[in-house]
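Peer 1: Would you mind keeping the following structure in view while I ask a few things?
Just so it is clear, none of the values below were taken in a lab; they were calculated from the coordinates. Keep in mind that this is a model prediction, so the values were computed, not measured. Here the Cβ is made from the backbone with ideal geometry for all residues, glycine too, and neighbour counts use every protein chain on show.
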Amino acid sequence: MHPIIQDAKSRMDKSINALRNELSKVRTGKATTALLDGIKVDYYGNQVPLNQVGNVSVLDAHTLSITPWEKQMVSAVEKAILESNLGLNPVNDGTNLKIPVPPLNEERRRELVKLVKKFGEDAKIAIRNIRRDANDHLKREHKEKKMSEDQFLDYEDEVQKLTDEHIKLIDEILKHKEEEIMEV
């Protein structure tokens with residue numbers, strides 16, 4: 001495989017992974033530790049990920065539990081969750097935090113589907129930009145006589161096939177996430 005195409009494939013795969021990571025943070029009404037992945041806690045003046053100051057676990061389908069490793073961190077963790085705008089209200093029992101994940105109402109589900117579609121569109125734009133970039137590099141090499149016309153056309157077709165595969169994968173990921181969100 002040509003290095004330009006390998007690079008394009010690698011970058012497209014990274015875009016898909018970024019989309020999956022972004023979608024894992026979108027709430028579906030079920031408790032998952034991924035909901036809290038983006039939260040940073042003030043730990044002695046430094047902003048650190050929540051999972052580095054305590055144990056985050058799922059108690060049941062609608063409840064998360066956080067046990068900070070240091071007792072004095074309970075209030076800092078609680079504050080970080082409240083400020084995260086996730087709509088979660090932790091219950092503090094002094095040493096642990098229990099976070100009930102409320103079921104989503106219909107309006108909120110529709111908002112989340114719109115958000116998911118926006119993430120998907122952003123990922124598709126990224127894939128298309130990678131395609132354009134790869135084609136530009138191929139054209140440059142073709143102009144510099146580093147490849148024949150046939151090779152150039154074959155490589156361009158490969159880049160298009162890669163693009164189509166990744167766009168199709170994005171559509172499948174989005175369809176699955178939308179079904180997950182709309183499931184009551």
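Peer 1: Return the sequence-ordered ³J(HN,Hα) values of the stretch 108-113 in whole Hz as given by the Karplus equation 6.51 cos²θ - 1.76 cosθ + 1.60 applied to θ = phi - 60°, using x for Gly and Pro.
Peer 2: Using θ = phi - 60°, the values come out as 5, 4, 5, 4, 5, 5 Hz.
Peer 1: Suppose a student asked you for the relative contact order of the chain, using Cα pairs under 8 Å spaced at least 6 residues apart; what percent would you report? Walk me through the intermediate numbers first.
Peer 2: Details: 220 pairs, mean separation 45.0, N = 184.
Over the chain, the number comes to 24 percent.
Peer 1: Further question: Run the dipole for the stretch 33-100 about the Cα centre, Lys and Arg Cβ at +1, Asp and Glu Cβ at -1, nothing else charged, and hand back the magnitude in debye, nearest 20.
Peer 2: 40 debye
Peer 1: Taking 7 Å along the Cα-to-C-beta vector as the label spot, tell me the Asn92-Lys118 distance in nanometres, rounded to one decimal.
Peer 2: Label at Asn92, label at Lys118, 3.1 nm between them.
Peer 1: I would also like to ask the following. Past 32 Å, Cα to Cα: identify those pairs from Lys139/Lys177; Lys30/Lys124; Lys71/Lys177; Lys79/Lys175; Lys9/Lys177; Lys139/Lys175, in the order given.
Peer 2: Over 32 Å apart, Cα to Cα: Lys139/Lys177; Lys71/Lys177; Lys79/Lys175; Lys139/Lys175.
Peer 1: Further question on the same structure: For the stretch 1-68, with only Lys/Arg (+1) and Asp/Glu (-1) charged at the beta-carbon, what is the dipole magnitude about the Cα centre, in debye rounded to 20?
Peer 2: My answer is approximately 180 debye.
Peer 1: Most exposed first by the Cβ proxy, i.e. fewest other Cβ within 10 Å, how do Ile181, Ile66 rank?
Peer 2: Listed from fewest to most nearby Cβ atoms, that is Ile181, Ile66.
Peer 1: If each residue's Cβ is checked for other Cβ atoms within 10 Å, how do His176, His137 rank with the fewest at the top?
Peer 2: Working: His176 11, His137 18.
With the fewest neighbours first, His176, His137 line up as His176, His137.
Peer 1: Which value in nm describes the separation of the simple spin-label points at Glu144 and Ser24, placed 7 Å from the Cα toward the beta carbon?
Peer 2: Output for this residue pair reads 3.8 nm.
Peer 1: Quick one: helix 3-24 against the long Cα principal axis of the chain, what's the angle to the nearest 10°, folded into 0 to 90?
Peer 2: Tilt relative to the chain: about 20 degrees.
Peer 1: Roughly how tilted is helix 74-83, in degrees to the nearest 10 and between 0 and 90, from the longest Cα axis of the chain?
Peer 2: 50 degrees
Peer 1: Using the Karplus curve 6.51 cos²θ - 1.76 cosθ + 1.60 with θ = phi - 60°, what ³J(HN,Hα) values do you get for each residue of the stretch 156-167, in whole Hz, with x for Gly and Pro?
Peer 2: 4, 5, 4, 4, 5, 4, 4, 4, 4, 4, 5, 5
Peer 1: Also, quick follow-up: Going by C-beta contacts inside 10 Å, put Tyr43, Tyr155 in order with the fewest on the left.
Peer 2: Fewest to most other Cβ atoms nearby, the residues stand as Tyr43, Tyr155.
Peer 1: Show that you can apply the helix-only estimate: for the chain, add -39,500 (n - 2.57) for every DSSP H stretch of four or more residues, divide by all residues, and state [θ] at 222 nm to the nearest 500.
Peer 2: Using -39500 (n - 2.57) per qualifying helix, the result is -20000 deg cm²/dmol.
Peer 1: Loop-only GluC sites (Glu not before Pro) in the stretch 122-181, please: DSSP not H, G, I, E or B, and at most 15 other Cβ atoms within 10 Å. Could you put the intermediate results ahead of the total?
Peer 2: Working: sites: Glu141, Glu144, Glu149, Glu156, Glu158, Glu165, Glu172, Glu178, Glu179, Glu180; in loops: Glu144.
The qualifying sites are Glu144.
Peer 1: A follow-up question, please. Quick one: Kirkwood hydrodynamic radius for the chain, alpha-carbon pairs, angstrom, one decimal?
Peer 2: Value: 19.1 Å, from the Cα pair sum.
Peer 1: Out of the stretch 137-183, which trypsin sites (Lys or Arg not before Pro) are coil in DSSP terms and have no more than 10 other C-beta atoms within 10 Å?
Peer 2: Passing both the DSSP loop test and the Cβ count: Lys145.
Peer 1: Can you find, among Pro103, Tyr43, Gly54, the residue sitting farthest towards the positive end of the charge dipole of the chain, where Lys and Arg contribute +1 and Asp and Glu -1 at Cβ?
Peer 2: Tyr43
Peer 1: Moving on to the next point. Over the stretch 33-100, what is the relative contact order in percent, taking alpha-carbon pairs closer than 8 angstrom and at least six residues apart?
Peer 2: Averaging sequence separation for qualifying contacts and normalising by length gives 28 percent for the stretch 33-100.
Peer 1: Can you list the residues of the stretch 78-111 with backbone N under 12 Å from a point 7 Å past the Cα of Lys71, pointing along Cα to Cβ?
Peer 2: So the set is 94-96.
Peer 1: Could you grab the Rg to Rh ratio for the stretch 33-100? Cα atoms only, Kirkwood for Rh.
Peer 2: Values: Rg = 10.6 Å, Rh = 11.7 Å.
Taking Rh as the inverse mean 1/r over Cα pairs, Rg/Rh reads 0.91.
Peer 1: Could you work out how much longer the chain between Asp60 and Asp154 gets when fully extended? Use 0.36 nm per residue separation minus the Cα distance between them, nm to one decimal.
Peer 2: Stretched out fully, the Asp60 to Asp154 stretch lengthens by 28.6 nm.
Peer 1: Oh, and also: Apply 1/(1 + (r/R0)^6) to the Cβ-Cβ distance of Lys79 and Lys161, taking R0 = 41 Å, and write down the FRET efficiency to the nearest 0.05. Intermediate results must be reported in sequence, preceding the final value.
Peer 2: Details: r = 50 Å, r/R0 = 1.21.
E between Lys79 and Lys161, to the nearest 0.05, is 0.25.
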